[in-house]
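Okay, structure first, notes after.
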Amino acid sequence: MRFPQALWRPGQSQTPKEVTIWCSNDYLGMGGEAKVVEAAIGAAARHGVGAGGTRNISGTHRPIVELEAELADLHGKEAALVFTSGWISNLASISTIAGVLPNCLILSDALNHNSIIEGVRRAGCEKQIWRHNDLVDLEQRLAAAGSERTKLIVFESLYSMDGDIAPVSKIVDLAKKYNALTYVDEVHAVGMYGSRGGGICEREGVMDRVDIIEGTLAKAFGTLGGYIAAKWTIVDAVRSYAPSFIFTTTLPPMIAAGACAAVRHLKVSGEERARHQRIASLTKYSLARAGLPILHNESHIVPLMVRDAEHCKAASDLLLERHAVYVQPINYPTVDIGTERLRITPTPRHTDAQVAALTEALLDVWHVLGLSSGESQLAFGARVACRPSSAEDDCADSRHAATFARERSLV
């Protein structure tokens, strides 16, 4: 099948049913892009399918060195380092960077991803959780820490559950004012925003002022892996001291080559980003016009609020069984209880007809389940308001970022 179409084999059935995927993280459909596939096949033919070892023991190969050079160039940094996943890149980099800095205070946004939370915890440093996107709270904590103390501000540029975007420029301003380092997770933005796909930081013109940029190869670039880009000294510190880098087998050459082809393509092609923004806007408009309760934001994420775990799963089941539409339910602990949702992710490979079919399917499911329609959560095009948070460490640490997958076979 051709993405976003897939084949579903319900239960033990051997007869597949064609479905449309509306929750993929392959945001631009690059996993099936001809250049990417050809690069991966060519590398597999030349190098085989495995890396053969860790980076320090026979696992450093030409495709991964080329990939790191492309990523460093994408973000305008001296160096980049590739990991086996975005989760590992956050865990390894945050814990290592903060761990080698003397008396480091980590200031982490309250809605940061589980991988960031684990990296902060692993660092063993003092930490403070600042209210989500709250610049006043962040500045108060920075001022209280003093300009002489080493500080690392950790946040995401685009938060994947609500789809809201951080005020990156103002956060960087505060970091410079109070002599703090910045670590920005651009996982849901790289490839998607900026003239070359460098993310929100590129779009806002602050890449050169951010100390460490972290990203993934598994979303807009359509492959697998995570990375950081920063000054050479920072990258070398992580390379030298992070156990989860040192003792992990390298990404295979075929994966690195495919990712490299995707990065190179999206640096020069804005066509995918333009088509994607159009379909994302059309999807939001269509659902909002139908009275479905979407949470509006300025990104490509379309959260459709159900606010009940059982109804959320039931809606997902009905969409698949009655309408051949595949959207996973997002429940606690990925999101707070009472904020359960269907997280819809349009891609440039979806068509206008598929948007219309999705809208009709959702209206039917909402009617069958007796779910609330009414007006959408915010005026169309408005920024999502900063959500209050207790800012308690225990509350933030309880947050997980793994969506529970149901037992369905999609090929």
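Loop only by DSSP, 14 or fewer other Cβ within 10 Å of the Cβ. Give me the trypsin sites (Lys or Arg not before Pro) in segment 1-88 that pass, ordered by residue number.
Arg2
Starting from the residue with the highest accessible area, list Ile41, Ile165 in decreasing order, probe 1.4 Å.
These residues rank, largest area first, as Ile41, Ile165.
Compute for segment 220-268: radius of gyration divided by Kirkwood radius, i.e. Rg/Rh, restricted to C-alpha atoms, rounded to two decimals.
Here Rg/Rh amounts to 1.02.
At a probe size of 1.4 Å, how large is the accessible area of Asp308, to the nearest 10 Å²?
In the full protein context, Asp308 sits at about 60 Å².
Over segment 1-152, what is the percentage of antiparallel beta bridges among all DSSP beta bridges, to the nearest 5?
Beta bridges within segment 1-152, antiparallel portion: roughly 35 percent.
Show Arg264, Arg9 ordered by accessible area, largest first, where the area counts protein heavy atoms only and the probe is 1.4 Å.
Arg264, Arg9
Taking K and R as +1 and D and E as -1, what net charge do the other residues with C-beta under 13 Å from the C-beta of Thr60 add up to?
+1
What figure, in Å² to the nearest 10, do you get for the accessible area of Thr339 with a 1.4 Å probe and non-protein molecules left out?
Here the accessible area works out near 20 Å².
Label segment 280-353 by shape, choosing from rounded, prolate and oblate, from the square roots a ≥ b ≥ c of the eigenvalues of the Cα gyration tensor; if a/c is under 1.5 it is rounded, and otherwise prolate applies when a/b is larger than b/c, oblate when it is not.
oblate
Can you tell me how segment 103-170 classifies by the Cα gyration tensor, rounded, prolate or oblate, using a/c under 1.5 as the rounded cut?
Taking the square roots of the gyration eigenvalues as a ≥ b ≥ c, segment 103-170 is oblate.
Below 12 angstrom from the Cβ of Glu78, what's the summed charge of the other residues (Lys, Arg +1; Asp, Glu -1)?
Net of charged neighbours comes to -3.
Rounded to the nearest 5, what is the percent of antiparallel bridges among the DSSP beta bridges in the chain?
Taking every DSSP beta bridge within the chain, about 55 percent pair in antiparallel fashion.
Using modelled backbone amide H atoms (1.01 Å from N, in-plane), which distant-in-sequence or interchain residues come within less than 5 Å of Gly199's amide H?
Close amide H contacts, sequence-distant or interchain: Gly191, Met192, Tyr193, Gly194.
Determine which lysines satisfy two conditions relative to Lys177: a Cα distance under 19 Å, and not lying fewer than 8 residues away in the same chain.
Output for Lys177: Lys151.
The values are calculated or read from the model by the stated rules, or taken from the named source; none is laboratory data. Small disclaimer: the values here were computed from a predicted structure and weren't measured. For neighbour counting, all protein chains shown are included, and Cβ atoms are generated from backbone atoms with ideal geometry for every residue, glycine included. Note: accessible area is taken over every heavy atom of the protein model, side chains too, but ligands, DNA and RNA are not part of it. Shrake-Rupley method; radii C 1.70, N 1.55, O 1.52, S 1.80 Å.
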